[in-house]
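Here it is, the structure, as structure tokens.
The values are calculated or read from the model by the stated rules, or taken from the named source; none is laboratory data. In this text the structure is predicted, and so the values were computed from the model without any measurement. Cβ sites come from the backbone with ideal geometry, for glycine too, and all protein chains shown count toward neighbours. Remember, those area values only see protein heavy atoms, side chains included, never the ligands or the DNA or RNA. Shrake-Rupley method; radii C 1.70, N 1.55, O 1.52, S 1.80 Å.
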Amino acid sequence: MIYLTIKLIHIFSVFIYGGFLFTDNLFLSKIKNHLTKEEHTKTRELFMQYVRKVVPKSLIIAVASGIYLFYINFGIIDESGLSNFQILLGIKGFLGLWLGLRGVLQVFFGIQPLLFKSHLFPFILVIAIIFLSQVMFGL
Ligand code: HEM
């Protein structure tokens, strides 16, 4: 029951964080073409004002719940080395932690990312993480 609850929390928090990245990259980026520079800056700032209230917290919850899920799922490393599942889960966890660290540094400490500054990069990472989360159990 605890596992299921944490897994649901993980899925919903990921849903909010990923949903923001999908909206920003696929839809909000397009309205730029229909607005003046000032209008676009103002619209985006308004949008981000609401995003900042929810999305960074969701990312932290996604990472914290992910660490718990990782702890339960990873298992013992066999003498013959890491299994395919452990390798893929390790990559997924690493990418998730990277996103989490990047988000926390940016939002709570005002430290802007050194690499891949746009929202396109986290968007691509989220797609990769979702893909890994689905194939890791099957390989
Ligand atoms: C923003 C980052 C993250 C995203 C987008 C994400 C996304 C997902 C998704 C979509 C699932 C599949 C759920 C399902 O099919 O039922 C999942 C499961 C999982 N995630 Fe994450 N995750 C993130 C961060 C993390 C982190 C940082 C870790 C570990 C350190 C982690 C560990 C896990 C584990 C172990 C599962 C498998 C749970 C299970 O199926 O029982 N995740 N994640």
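To keep it simple, each residue is scored yes or no on (1) near the ligand (Cβ under 7 Å from one of its atoms); (2) in a helix (DSSP H, G or I).
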residue	(1), (2)
Leu59	yes, yes
Gly66	yes, yes
Tyr71	no, yes
Ile76	no, no
Leu88	no, yes
Gly93	yes, yes
Leu99	yes, yes
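Additional query: Could you pull out the residue among Phe123, Phe109, Phe116 that is open to solvent by less than 30 Å² (accessible area, probe 1.4 Å) and either more than 9 Å from the ligand (Cβ to nearest atom) or of a type in the set (Lys, Arg) (or both)? Quick ask: steps written out before the conclusion?
Working: Phe109 fails: open to solvent by less than 30 Å² (accessible area, probe 1.4 Å); Phe116 fails: open to solvent by less than 30 Å² (accessible area, probe 1.4 Å).
It is Phe123.
For the stretch 1-44: of the residues being among the hydroxyl-bearing types (Ser, Thr, Tyr) and part of a helix (DSSP H, G or I), which is farthest from the ligand (Cβ to nearest atom)? Break it down into steps so the answer makes sense when it comes.
So in the stretch 1-44, the residues among the hydroxyl-bearing types (Ser, Thr, Tyr) come out as 3, 5, 13, 17, 23, 29, 36, 41, 43.
With part of a helix (DSSP H, G or I) added as a condition, the list becomes 3, 5, 13, 17, 23, 29, 41, 43.
Values: Tyr3: 7, Thr5: 12, Ser13: 8, Tyr17: 5, Thr23: 15, Ser29: 20, Thr41: 27, Thr43: 26 Å.
Only one residue fits best here, namely Thr41.
Kindly indicate the residue of the stretch 11-66 that is surrounded by 12 or more Cβ atoms within 10 Å (Cβ to Cβ) and of a type in the set (Asp, Glu) and also nearest to Leu95 (Cα to Cα) among those meeting that condition.
Ranking the candidates gives Asp24 first.
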